[in-house]
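These notes are about the structure you will find just below.
The values are calculated or read from the model by the stated rules, or taken from the named source; none is laboratory data. Keep in mind that this is a model prediction, so the values were computed, not measured. Neighbour counts are summed over all protein chains in view; Cβ atoms, including those assigned to glycine, are modelled from backbone coordinates with ideal geometry. Just so you know, the surface numbers come from the protein's heavy atoms only, side chains and all, with ligands and any DNA or RNA stripped out. Shrake-Rupley method; radii C 1.70, N 1.55, O 1.52, S 1.80 Å.
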Amino acid sequence: MPDVVSDLHSIGELARASGLTVSALRFYDSAGVLTPALVDPVTGYRWYTDEQIGPARLVAGLRRVGMPVPEIAAAVRAEPAEVHRLLDAHLRRLADGLADARREIVRLRALVDPAPTTVTTLLLSPAELAAALDAVRFAVGANPELPALSGVLLDVEPDGVRLVATDRHRLALARAGAAVDGPPARVLVPVDLVDRLRRLLDTADAREVRLTVAGVDLRVTVAGRTLTGTALPYDFPDYRRLLREAVGERPAAYRIPVDVVALRAALRDPAAPTLARKYAGTPLAVSVLGLDDSGGLRLLHPTELAAADPTPDPVPDPVSGLRFGVNGEYLLDALDAAGCPQLVLELDGPIAPLAVRRPNDEDTFSVLMPIRL
């Protein structure tokens, strides 16, 4: 034992060499991240090799930047390329967290020292606003425990307004051009006011929509009729971050043309094949989609899954079987809301979020979460 120990470093020596404390080294030992090369069976002393100094320094650095323990454990055992990937992912998480903190601090400052109420007025086309509302209304949340999702976000920009809705399982976005007078504004419009406005837009003599946002107060005038309401007092999720997480910024691996009429008919067929799954303990009928010989979308029968070669990743030959599961009712909602006979479905693989887009329209689309088969 003495000859072996003389070639090793005590826990105190490794602490000084790595920048970790002795207690931290004990913690990472218990967590299986950095296990000693030898533990004296009598004294319980921990001993480490020269080769463990580098990993210990890596652990110390990752600890300083707040990387979660499971990812630290993965980094210690990973090849350099994987460590870089983990660092990039953690850096994005830190950046998103900083952005969230900045938004929360702005909100807190406003609570401490409220700014004067600003007024923003928008002049919009009734038809364009109606189309935008139709494109997002289906994705409004109905869970009373998530009140921040129970409306449509109006994100006013210098030349228009972006409409956003989500219920966590799907996200819908649309945009309407507008003449804007006043500063940018973000208001969460209650769904009942959204529905009343949508009905008002069908008025035959509607020529122009005047929408005024004054703090939390909303006022809409259409064809001499006026609606008023109050914005919901909740912070809507950062939809831009949700989009980055869901579909990213690079082109999708698959862009699949969708014949809306044919797919809608297949999904609505009472005899349409589905796969039984459970979500949160509740039975869920999953529609399984794949590609036909021409690369178009088709509804698969569950028995076809057993015959195919299952793979968690996209395969080079689409005919050999890209398959993914969706909530058929949610997909029908997205197809109906798009209001277009031809759509494009974008995804990166069978477990990646699906983006349903209108051709040549970057502003109106919805994102659905897939269901693992």
- Message: Just checking: which of the strands (runs of 3 or more DSSP E) contained wholly in the range 219-290 hold 2 or more residues that are surrounded by 13 or more Cβ atoms within 10 Å (Cβ to Cβ) and modelled with pLDDT of 85 or more?
- Response: 225-230, 254-259
- Of all residues in the range 179-213, count the ones that are outside any strand (DSSP E or B) and open to solvent by less than 60 Å² (accessible area, probe 1.4 Å). 12
- Only one of these conditions is not met by residue 35: (1) open to solvent by 70 Å² or more (accessible area, probe 1.4 Å); (2) under 23 Å from residue 93 (Cα atoms). Which number is it? (2)
- Odd one out for residue 165, checked against (1) free of Cβ contacts under 8 Å to residues at least 40 places away in the same chain; (2) more than 29 Å from residue 360 (Cα to Cα); (3) assigned to a strand (DSSP E or B); (4) not basic (Lys, Arg): (2)
- Task: Considering (1) under 30 Å from residue 240 (Cα atoms); (2) open to solvent by less than 60 Å² (accessible area, probe 1.4 Å); (3) free of Cβ contacts under 8 Å to residues at least 40 places away in the same chain, say which one residue 40 fails and leave the rest.
- Result: (1)
- If you check residue 176 against the conditions, is it of a type in the set (A, V, I, L, M, F, W, C) and surrounded by 14 or more Cβ atoms within 10 Å (Cβ to Cβ)? yes
- Item | Counted residues, the range 339-354 - those being under 17 Å from residue 287 (Cβ atoms) and open to solvent by less than 40 Å² (accessible area, probe 1.4 Å) | 7
- Task: Could you check residue 123 against (1) in a helix (DSSP H, G or I); (2) at pLDDT 90 or above and say which number it fails?
- Result: (1)
- Identify, by number, the condition in (1) in a helix (DSSP H, G or I); (2) open to solvent by less than 40 Å² (accessible area, probe 1.4 Å); (3) closer than 18 Å to residue 242 by Cα; (4) among the small types (Gly, Ala, Ser) that residue 141 doesn't meet. (1)
- Query: residue 133: at pLDDT 95 or above and part of a strand (DSSP E or B), yes or no?
  - Reply: no
- Query: Restricting the range 315-338 to residues that are out of contact with any helix residue (DSSP H, G or I) (no Cβ under 9 Å at 6 or more places or on another chain) and open to solvent by less than 20 Å² (accessible area, probe 1.4 Å), which is modelled with the lowest pLDDT?
  - Reply: 322
- Could you please find all residues in the range 43-68 being among the aromatic types (Phe, Trp, Tyr) and open to solvent by 20 Å² or more (accessible area, probe 1.4 Å)? 45, 47
